[in-house]
Amino acid sequence: MRIGGGIEKAYQSPEEWVRHAKDLRYSAVLSPVDSSSDEATRQAYLRAAKEADLLIGEVGVWRNCLAKDDIARKKAMDYAKAQLALAEELGANCCVNIIGSSSDSAWDGFSAENYTEDFYALAVDSVREILDAVKPKRTFYSIEPMPWVLPDSPEQYLKLIDDVGRPGFAVHLDFVNMINCPQRYCCSTAFVQHCFDLLGPHIKSIHGKDVLMEQAYTTLIHETMPGRGTLDYPKILRMVERLGPDTPLFVEHLPDHETYRQAAAYVREKAEEAGIHVKG
């Protein structure tokens with residue numbers, strides 16, 4: 001398997017970027033460039049990644065392709081198409097976004113409208129439009145599950161795959177984001193196993209985090225870094241390993257370079273304890 005994550009140190013060249021990644025012992029990386037960069041820059045980073053055996057696992061979008069405002073929605077859709085084209089050029093495992101939201105207060109916010117039939121139909125159409133514009137052959141468009149935005153369960157993700165009906169659509173797995181209720185928290189090992197059982201053949205990239213629920217009312221479930229919650233990482237990493245040696249797991253949402261080092265080191269330690277070979 002491969003471990004990666006964010007790089008919270010500035011870099012001015014592909015060589016400096018590679019040094020930061022190697023310092024963290026990453027063998028998988030997030031795209032260091034976006035679609036606004038020029039071709040020479042994109043190709044320079046791609047060459048550096050290949051020479052250092054760094055797998056580009058994700059090209060991010062992180063825009064609301066279902067925004068209520070038509071202008072904002074079009075800008076987000078155009079950016080998603082450009083980022084998917086970048087992922088295709090780089091040969092990244094996937095291009096990832098959330099499905100979008102009807103929230104008036106946040107681009108990724110919760111809203112009752114997020115669960116309506118009309119919203120779901122628009123979501124399916126938006127994914128189809130992005131894929132049909134690019135027609136990827138080397139990469140996949142994928143949606144990160146969210147606690148309050150569909151898909152919020154592995155069953156819902158399978159339905160989305162079926163309804164989109166495009167070969168370029170796949171899974172970005174964030175099992176922590178779907179641990180959004182006490183039952184899934186208390187039975188987290190079985191729930192994560194269920195995610196891998198249902199979605200395994202479609203998974204192209206994974207976010208590795210942890211989760212901790214307070215004994216407080218009503219329900220308070222916190223995301224935290226691997227090793228500071230209750231997830232059984234040795235079992236989870238065996239599930240990751242079965243997907244293939246180039247499956248990337250990315251630690252995320254951490255404040256600085258040293259914290260990323262600690263999180264990646266914990267995942268590596270648990271993998272090695274479980275007898276799993278980690279590249280890099």
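Observations on the structure shown:
- Filter result (in contact with a Phe, Trp or Tyr (Cβ under 9 Å, 6 or more places away or on another chain) and free of Cβ contacts under 8 Å to residues at least 24 places away in the same chain) within region 112-126: GLU113
- Some residue of region 159-170 being small (Gly, Ala, Ser) and touching a Ser or Thr at 6+ places or on another chain (Cβ under 6 Å): yes
- Options LEU90, LEU131: the member that is within 18 Å of the chain's Cα centre (by Cα) and within 30 Å of LYS22 (Cα to Cα): LEU90
- Residue list for region 142-167, filter: touching a Lys or Arg at 6+ places or on another chain (Cβ under 8 Å) and touching a residue at least 40 places away in the same chain (Cβ under 8 Å): SER142, PRO151, VAL164
- Residue in region 117-127 that is closer than 21 Å to LYS204 by Cβ, aliphatic (A, V, I, L, M), open to solvent by less than 70 Å² (accessible area, probe 1.4 Å) and part of a loop (DSSP other than H, G, I, E, B) present: no
- In region 99-116, residue nearest to MET77 (Cα to Cα) [restricted to those that are surrounded by 15 or more Cβ atoms within 10 Å (Cβ to Cβ) and aromatic (Phe, Trp, Tyr)]: TRP107
The values are calculated or read from the model by the stated rules, or taken from the named source; none is laboratory data. On a predicted model such as this, the values are computed, not experimentally measured, just so you know. Quick reminder, even Gly has a Cβ in these numbers, built from the backbone with ideal geometry, and neighbours come from all protein chains shown. For accessibility, only protein heavy atoms count, side chains too; no ligands or nucleic acids. Shrake-Rupley method; radii C 1.70, N 1.55, O 1.52, S 1.80 Å.
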